[in-house]
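Comments concern the structure below.
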Amino acid sequence: MASEYTCIHCERNVNDDDRAISCDQCEKWQHLSCDTGISLRQYRKMMKGAVVEWKCRECSRPAEVVPKVQMETADMAEEFFCFSRVAGVTAIVPKCDC
């Protein structure tokens, strides 16, 4: 790992001699001491070849849930409007008998 990587927690460089881990999903780096949840003991095992799956805080977040109000608004829009897609462009037009 070269110093071109930045810790996603503290935003300082992650150098070759730093204890750091990369996210299995986004592949961004984080210093071990920057709230990774990985113990020094686990880290040492990883350095000896043990496989430990780890995701950064951002990648560990659950998928965003669409608020119910937005869903109800979308349902109402479908009641009064038609969504027509022509040549890759979506047009919203007043409801017709189509």
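The values are calculated or read from the model by the stated rules, or taken from the named source; none is laboratory data. Everything quoted here is computed from the prediction, not taken from an experiment. As a convention, Cβ positions derive from the backbone with ideal geometry for all residues, glycine included, and neighbour counts pool all protein chains shown. Remember, those area values only see protein heavy atoms, side chains included, never the ligands or the DNA or RNA. Shrake-Rupley method; radii C 1.70, N 1.55, O 1.52, S 1.80 Å.
Worth pointing out:
- Residues that are open to solvent by 50 Å² or more (accessible area, probe 1.4 Å), closer than 13 Å to TYR5 by Cβ and in contact (Cβ under 8 Å) with a residue 24 or more places away in the chain, drawn from segment 27-43: LYS28, TRP29
- Within the chain, strands (runs of 3 or more DSSP E) holding 2 or more residues that are modelled with pLDDT of 60 or more and under 18 Å from the mean Cα position of the chain (by Cα): 20-22, 29-31
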